[in-house]
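So the structure is just underneath, and the comments pick up after that.
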Amino acid sequence: MSNLFKGRSLAVIDDFSLDERLFLFDKAKELKKLLQENNKSELEKYRINDSDFGVYEVFIEDSTRTKESFKNAAEFHRVKLSNLEANHSSINKSESFADTFNTLCGYDNLVFIVRSKQEGLCRWLEENGKLYAGRNRMKQTPSFINAGDGKHEHPTQELLDEFTFLERNKWNRTSFHIALVGDLYHGRTVHSKADGLTIFKNVKIDLVAPRELGMPEYYIDKMKDNGFEVNIFDSIDSYMETGQTAPVWYFTRPQLERMGDDILKRQDELRYKIIFRKEFLDKIPEDTIFYHPLPRHKLYPTIPTFLDTTPLNGWEEQSANGMVIRIILLGLVAGKIGSDYKYGENGSADTQDSEDFIEELPLKETIVTKDYAEGVKPISNGLVIDHICRGESEKEIREHLARIIRVLELYGKGGEWISRSRSEQDKMKGMIFRPGLPEPGTKKMKQLAALAPGCTVNIINERKVIKKLKLRMPPRIFNFPNICCRNPDCISHSSQGENVPAEFNRITGDKFRCKYCEKPHSFKEIWIQ
Ligand code: CP
């Protein structure tokens, strides 16, 4: 029977569809019960039980819970478990991640658990791993599981959090009200909640953090796009004043040290806003529960240790759930369990290339002289690209014309022109005239759409426009030498030196997100000046 999970990677929580996550939770629920009952014969059905099946842990940043729970999960499965001593590896001799992981794939390893500072690394490894597996006829595509990448995501923590919340909600998915408290800026576990909490139908999120540690705008937008009600508070004090606190609080550890000297000077004041104090205890409803992905800071825990012995303590069960979830995840991507999955059809939908961003327009005016008589000598045969960068400044249009010519190699006779738009006199636009040039092929047309969305392409023959195309913003921008992600921590950023080609997927309008780190970019931000 086919298994939709086998060989899959998990770079972000959304890589597993809602149905797939619910299936995983059902399996985890069954397994947790069997573990509690110590039902040895039934537990065997969950084990990979293959001492040749290679699972590799590659932790380039420190970890206790994620690393050790995966280790214990791998031991449950009785597989070959290895650990790359990242601090003593050739990564320190400037070896690329691609070469490092290709080497480990070559030793018959099929699942990699990867924690890194670089954001989007697992997405890149997934792509690179597929190519390597094809070239080297591996028996299975290797899976790359993101164990936390910079400030981006922590999808396996998200899985165990969702499982824990569902347990607490008695598996009722109708509604969920949660407060996220702490360092919402750096905390990757809370970023994964923007997509992860879609397991609930109605979600209310209270964000409690001082402005300096606030949730990045991008994730707030994502929450709202997912239909969540979002409320923002700058401290626990101001949150308590509402008298309407959430039944579930999710704390995170402040990572103030990452924010520079100005913030460090104010660390006591900032911490004070997100540390739970004794005086709040009798102001929260009795059935409130606290969670924390852990670790807690031993000197300044946002959940103080005097709460360990109270009914607020949900974080210990949450942490223990980590191993159960990771046993199931390993079993799924290994193809041991999951053949009985029959909810949805697939994982999250890929952004598909579509041709509808190149539209052929009906021809109204066919006389060239009328169309292009704005001080420019009309051409008899060739190509006229019009309405380039309409509404931009003259300087920006000039720079972009030069970029289009350079990238598409539109060298030769003809010229460029900047003029007022006839339909909107207050707006400027650019044009490129190239006598003698034929209609560009599909690849060039797609490139032109990416470079100059909104432009029109006119094919001229014997002074008549014989074809007119309107190019819109394409769904993907890739394969250009002069595009770059602006996030220096992204695996595709040039400063990382990994030679990962930048690629952007359109979210909406002229907003794109980096394929790897998912940072949003406006169309203009994509291009290197
Ligand atoms: N929650 C979590 O990721 O903990 P570790 O950093 O100890 O793995």
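The values are calculated or read from the model by the stated rules, or taken from the named source; none is laboratory data. None of the values given here were measured: they were computed from a predicted structure. Heads up, the Cβs are rebuilt from the backbone with ideal geometry, glycines too, and the neighbour counts pull from every protein chain shown.
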Residue within segment 82-98 that is surrounded by 13 or more Cβ atoms within 10 Å (Cβ to Cβ), within 16 Å of the ligand (Cβ to nearest atom), touching a residue at least 60 places away in the same chain (Cβ under 8 Å) and not in a loop (DSSP other than H, G, I, E, B) present: no
Conditions: (1) assigned to a helix (DSSP H, G or I); (2) farther than 23 Å from L213 by Cβ. M138 meets all but one. Number of the miss? (1)
Matching residues in segment 50-81 - criterion: being more than 16 Å from the ligand (Cβ to nearest atom) and among the hydroxyl-bearing types (S, T, Y): S51, Y56
Checking the conditions here, which among G150, G187, G214, G196 is of a type in the set (G, A, S) and away from the ligand (no atom under 16 Å from the Cβ)? G214
So for segment 320-336 (the condition being within 21 Å of Q157 (Cβ to Cβ), of a type in the set (S, T, N, Q), buried (at least 22 other Cβ atoms within 10 Å of the Cβ) and modelled with pLDDT of 95 or more), does at least one residue qualify? no
Which of the residues spanning segment 275-312 are over 18 Å from V208 (Cα atoms) and within 16 Å of the ligand (Cβ to nearest atom)? P295, H297, K298
Residues located in segment 172-188, provided they are under 20 Å from E20 (Cα atoms), out of contact with any strand residue (DSSP E or B) (no Cβ under 8 Å at 6 or more places or on another chain) and touching a residue at least 12 places away in the same chain (Cβ under 8 Å): R173
Is segment 109-122 home to any residue that is closer than 19 Å to G7 by Cα, over 24 Å from the mean Cα position of the chain (by Cα) and not in a loop (DSSP other than H, G, I, E, B)? yes
Going by what's in this entry, would R21 be described as outside any helix (DSSP H, G or I), more than 16 Å from the ligand (Cβ to nearest atom) and either surrounded by 15 or more Cβ atoms within 10 Å (Cβ to Cβ) or of a type in the set (A, V, I, L, M, F, W, C) (or both)? no
Go over the candidates G335, G331 one by one and state the one that is in contact with a helix residue (DSSP H, G or I) (Cβ under 9 Å, 6 or more places away or on another chain), small (G, A, S) and more than 16 Å from the ligand (Cβ to nearest atom). G331
